[in-house]
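Let me begin by presenting the structure, written as C-alpha cells, before commenting on it.
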Amino acid sequence: MARTLSALADDLASGRTSALALVREALARIDAPDGEGKRAFIKVHREAALAAAEAMDKLRAAGLAPSPFAGIPISVKDLFDLAGEPTTAGSTVLAGASLAERDAPAIARLRRAGFIVIGRTNMTEFAFSGLGLNPHYGTPASPYERATTRRIPGGSSSGAAVSVADGMAFAGIGSDTGGSCRIPAAFCGITGYKPTAASVPREGAFPLSQTLDSIGPLANSVECCRILHEIMSGDVLSKDVPTSLKGLRIAVPQTVALDGLDAHVAGSFDRALDLLAKAGATVIAAPFARLAEVASINAKGGFAPAEAYAHHRELIEAKGEGYDQRVRTRVLRGRNQDAADYIRLVQARDAFVAAMRAEVSAFDVLVMPTVPTIAPTIAELAEDDEAFTRINMLVLRNPSLINVMDGCAISLPMHRAGEAPAGLMLARAGGEDAALFAIAAAAEAALVAR
C-alpha cells in the first residue's frame with residue numbers, strides 16, 4: 001500500500017525508519033533493471049540525496065529536524081530551477097543553458113522543510129502536451145498492464161507521476177497549465193493537485209503560459225497534496241471548513257465535461273457519484289452551458305501558443321530542428337495571433353472567469369471525470385500524428401476548463417483495485433483551495449470505502 005507523508009513522518013519520528021533508509025529505497029526502485037527509472041528521471045541526485053539523508057538523520061537525532069517531513073525523498077519536474085544545474089524542461093536544446101543560481105522558490109521552501117530532492121523527472125518537452133511522450137529521453141509507462149501493454153503516463157508531468165506510482169519518490173512536484181498534474185495522476189492511479197495559479201510562486205519554473213501556469217504536487221493522498229501545497233504556497237490553509245460530504249451540493253456539469261466518455265470511465269464515474277451520494281452529498285446535474293465558450297475563447301489556440309511563442313521565438317529560430325516536431329508545431333501556432341487577437345483573448349477570459357465564479361458559487365464543488373478515457377498505448381500515438389493530436393485535445397479538455405476559469409482542482413483515483421486507472425476531478429473557484437482540500441478529503445474517504 002502506498003505510504004503517505006504523514007505515515008512516513010510518524011515512522012521517522014518513532015525510529016521505525018530513517019531518511020537514509022527512505023533514500024536508499026527510492027534509489028533502489030529507480031535503479032531496478034526492469035523498472036521505469038531510466039525513463040522517469042532525466043537526472044538522479046544520488047550522492048547529494050544520500051548526503052542530505054545522513055544530515056537529516058543527524059538533525060532529527062539532535063531534535064533539530066526542520067519539520068516532521070525532513071528526510072522524505074521527492075522528485076522535481078525538469079522545468080524547475082535547481083541551484084547549479086541547467087533547467088532543460090525535457091528538451092535537449094537547453095543542455096548548454098546557464099546554470100541556475102538558486103532553487104525555484106517553491107522548491108527552496110520544500111528543501112527548507114527538509115524534503116530531499118531525489119532527482120529531476122522527465123516531462124513532455126517544454127510542458128506542451130497532456131500525453132507525456134518525449135522522443136529525447138524516452139517515455140515512462142503508466143503502471144497499468146505495464147508488463148504486457150505500455151500505456152502513456154499522461155503529461156506533461158509524466159515522470160513525476162510515474163516516480164510516485166512506482167515508489168521512486170514519495171511525492172512529485174509538477175506544473176499544471178491545462179491538466180499537467182491531474183492528467184498523469186489520473187492515468188497513473190495517484191492524486192494530483194492544481195492550485196489557484198497565484199497561490200504558489202512560479203518564479204524559477206520554465207514557463208509555458210504565464211497566464212495559465214500553476215505549480216502543484218502529485219502524491220498518494222489528498223492530505224499529502226495539502227501538506228506540500230501549504231509548504232510551497234507558504235500559506236497554512238484554514239481548517240474551518242466542512243469535513244464531511246453530508247449536506248454538500250455537488251454539481252456535475254452537463255456541458256462538454258461528459259462528452260465522449262469511454263465505457264470504463266463512465267462506469268467508474270457513475271459508481272463514484274453513487275458513493276458520494278451515499279456519504280450524504282446531494283449530486284445535481286447542472287447545465288453550466290458557459291463551458292461551451294472555452295472552445296471559442298481558444299479558437300486561435302488560446303494562451304499557451306501565443307505566450308510560448310513569445311518565450312521561444314529566438315530559441316526556436318536558432319535551434320528549432322532540435323525540438324520535438326510536435327511541440328515545435330504547437331509553439332509556432334502562436335504566430336497566428338496578433339496583438340488584437342491576444343487582447344480579445346484576455347478580455348474574453350476575464351469575462352469567463354467572472355461568469356463562472358458566479359455560477360460555481362451556487363454549489364459546494366464541481367465534479368467531473370479528469371479525463372474521458374483510459375490511457376492509450378504509447379505505440380499507437382508515437383507514430384500517428386492524427387491520433388496524437390486528437391487524443392491530446394481529448395485528455396486536456398476537462399482539466400483545461402478549470403485553468404481557463406482560474407479555479408483550483410484535484411484528481412482522485414476513482415477506479416477499483418486492479419482496474420484501469422481513472423480520475424475523479426473536484427474543482428472550485430480560484431482562492432478556495434482550503435475548502436476544496438476539505439471536500440476532497442471527505443470524497444477520498446467515501447471512494448476508499450469502495
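Miscellaneous remarks
- Test set (1) open to solvent by less than 10 Å² (accessible area, probe 1.4 Å); (2) touching a Gly at 6+ places or on another chain (Cβ under 9 Å); (3) more than 20 Å from A308 (Cβ to Cβ); (4) not acidic (D, E) - V222 fails condition number: (2)
- Scanning the range 325-351 for residues that are buried (at least 19 other Cβ atoms within 10 Å of the Cβ) and either in contact with a His (Cβ under 7 Å, 6 or more places away or on another chain) or farther than 17 Å from E125 by Cα (or both) turns up V331, Q337, L345, R349.
- Only residues that are surrounded by 15 or more Cβ atoms within 10 Å (Cβ to Cβ) and acidic (D, E) were counted across the range 225-261, and they come to 1.
- Filter pass, G37 being farther than 22 Å from L228 by Cα, under 26 Å from the mean Cα position of the chain (by Cα) and not charged (D, E, K, R): yes
- Within the range 275-316, being among the small types (G, A, S) and either closer than 16 Å to I343 by Cβ or open to solvent by 40 Å² or more (accessible area, probe 1.4 Å) (or both) holds for A277, A285, A289, A292, A295, S296, A299, G301, G302, A306, A310.
- Residues that are of a type in the set (V, I, T), within 18 Å of I391 (Cα to Cα) and either open to solvent by 10 Å² or more (accessible area, probe 1.4 Å) or not in a loop (DSSP other than H, G, I, E, B) (or both), drawn from the range 118-169: T139, T149
- The single condition from (1) under 23 Å from the mean Cα position of the chain (by Cα); (2) open to solvent by less than 20 Å² (accessible area, probe 1.4 Å) that T373 fails is (2).
- Selection count where residues are over 15 Å from G155 (Cα atoms) and open to solvent by 20 Å² or more (accessible area, probe 1.4 Å), scope the range 391-412: 1
- So G132, is it within 15 Å of T191 (Cα to Cα), touching a residue at least 12 places away in the same chain (Cβ under 8 Å) and not charged (D, E, K, R): no
- Pairs meeting the criteria (first residue in the range 325-343 and farther than 20 Å from L315 by Cβ, second residue open to solvent by 50 Å² or more (accessible area, probe 1.4 Å), beta carbons under 8 Å, at least 6 apart or on different chains) are D341/K300.
The values are calculated or read from the model by the stated rules, or taken from the named source; none is laboratory data. Owing to the predicted nature of the structure, the values given are computational and were not obtained by experimental measurement. A quick note on method: Cβ atoms are made from the backbone with ideal geometry, for glycine too, and the neighbour counts reach across all protein chains shown. Only protein heavy atoms, including side chains, enter the accessible area calculation; ligands, DNA and RNA are left aside. Shrake-Rupley method; radii C 1.70, N 1.55, O 1.52, S 1.80 Å.
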